[in-house]
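The values are calculated or read from the model by the stated rules, or taken from the named source; none is laboratory data. A quick note: this is a predicted structure, and the numbers were derived from the prediction, not measured. Methodologically, a virtual Cβ is constructed for each residue, glycine included, from the backbone with ideal geometry; neighbour enumeration extends over all protein chains shown.
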Amino acid sequence: MDIQTIGIVGAGQMGNGIAHVMALAGYDVTMTDVSTDALEAAMATITGNMDRQVSRDKITAQAQKEALARIHTTDSLIKLGPSDLIIEAATERETVKQAIFEDLLPHLAPRTILTSNTSSISITRLASRTDRPEKFMGFHFMNPVPVMQLVELIRGIATDAETFDACKKVVDRLGKTAASAEDFPAFIVNRILMPMINEAVYTLYEGVGNVQSIDSSMKLGANHPMGPLELADFIGLDTCLAIMNVLHDGLADTKYRPCPLLTKYVEAGWLGRKSQRGFYDYRGDSPVPTR
């Protein structure tokens, strides 16, 4: 299948990043969100990010102009129906994703491939609620999308080879690298990354080290570009907790039990950078550890 038109559900951090790279790769993109303000903010973000790419000679001004012209926005979900490929990038809650796919189903073209950018939810379970489980798979981008080179492609139990191959060609056209993952909780990246972050929170919770010493230890001792607590703030502590709960529930192993301190931060609304407080306080000129 030759994919040319792409629908994106959700104009948040992931959705606008996906729209950005798809448009630069020459795809016609339609992005939708329940909030028109979110759509306007997304276009402003995409424009600003492309401006930076132009200033750094990553892309030309002409490429930016053409890419922005390929992105269309709408607050009507059903307008995505005729797309060759739809990527759902909404909130990481299964009920929300199921509702989106159920609303889309009556308006889809027979050829349309459905995918989810979920970082942890079962692709097989999401696919089972649609009329095309063989044309459904996981299409998991890393954040920030324009920068990160990896895309996880996750087959559900019913995903056919044609669907996988079509999505793999999209990843190749983006100039990114596809990692094929099986449909088990949190797939590859988050299956490894989130327990590390959770263990870092336990290290803080048990008083082994403070925020600064834990992050410095991993940056300087393991050559990580960001410390695990800094990274957790960047991802969003609510997202980290949700993925740990998926791992704990799906694998029934106590080693995936979310740290009580992580739960406490989320209960406080301290979700990281997006709420201005997490393991660091971002309200001043520079981040300050909160513990």
*Being surrounded by 14 or more Cβ atoms within 10 Å (Cβ to Cβ) and not in a helix (DSSP H, G or I) is the filter here, so list the residues in region 167-183 that pass it.*
Lys176, Ala178, Ala179, Ala181, Asp183
*asked:* Would you confirm whether or not region 75-82 contains a residue that is assigned to a strand (DSSP E or B) and either in the same structural domain as Val151 (by TED's automatic domain parsing) or surrounded by 14 or more Cβ atoms within 10 Å (Cβ to Cβ) (or both)?
replied: no
*Are there any pairs, at least 6 apart or on different chains, whose C-beta atoms fall under 9 Å, with the first in region 166-195 and β-branched (Val, Ile, Thr) and the second in a loop (DSSP other than H, G, I, E, B), and if so, which?*
Val170/Ile3; Val170/Ala25; Val170/Tyr27; Thr177/Gln149; Val189/Ser119; Val189/Met142; Ile192/Ala186
*Six or more apart or on different chains, Cβ under 8 Å: which pairs go from a residue in region 206-232 that's over 21 Å from Leu271 (Cα atoms) and among the charged types (D, E, K, R) to one that's surrounded by 15 or more Cβ atoms within 10 Å (Cβ to Cβ) and modelled with pLDDT under 95? Could you list them?*
none
*asked:* Here is a check on your reading of the model: is Thr203 free of Cβ contacts under 8 Å to residues at least 40 places away in the same chain, of a type in the set (S, T, N, Q) and in the same structural domain as Phe136 (by TED's automatic domain parsing)?
replied: no
*asked:* If I ask for residues that are of a type in the set (Gly, Ala, Ser), in a helix (DSSP H, G or I) and surrounded by 15 or more Cβ atoms within 10 Å (Cβ to Cβ), which ones from region 202-244 would you list?
replied: Ser217, Ala232, Ala242
*Would you please name the residue that is surrounded by the fewest Cβ atoms within 10 Å (Cβ to Cβ), looking only at residues in region 83-93 that are modelled with pLDDT under 95 and either over 14 Å from Asn16 (Cα atoms) or in contact with a Leu (Cβ under 9 Å, 6 or more places away or on another chain) (or both)?*
Arg93
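Modelled with pLDDT of 95 or more, buried (at least 18 other Cβ atoms within 10 Å of the Cβ) and over 16 Å from the mean Cα position of the chain (by Cα): is that true of Leu108 in this structure? Steps first, answer last, please.
On the way: modelled with pLDDT of 95 or more: yes; buried (at least 18 other Cβ atoms within 10 Å of the Cβ): yes; over 16 Å from the mean Cα position of the chain (by Cα): yes.
Yes.
Okay, residues lined up against (1) in contact with a Leu (Cβ under 7 Å, 6 or more places away or on another chain); (2) farther than 17 Å from Ser120 by Cα:
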position	(1), (2)
Lys219	no, yes
His224	no, yes
Asp249	no, no
Ala252	no, no
Ala268	no, yes
Phe279	yes, yes
Val288	no, yes
*Looking for whichever is in a loop (DSSP other than H, G, I, E, B), touching a residue at least 12 places away in the same chain (Cβ under 8 Å) and either assigned by TED's automatic domain parsing to the domain that holds Phe141 or farther than 30 Å from Ile188 by Cα (or both) here; the options are Glu92, Glu102. Which one fits?*
Glu92
*Among (1) surrounded by fewer than 16 Cβ atoms within 10 Å (Cβ to Cβ); (2) not in a helix (DSSP H, G or I); (3) not hydrophobic (A, V, I, L, M, F, W, C), the one test that Lys264 misses*: (2)
_Here is a check on your reading of the model: is Ile243 in contact with a helix residue (DSSP H, G or I) (Cβ under 6 Å, 6 or more places away or on another chain), closer than 20 Å to Met14 by Cβ and modelled with pLDDT under 95?_
yes
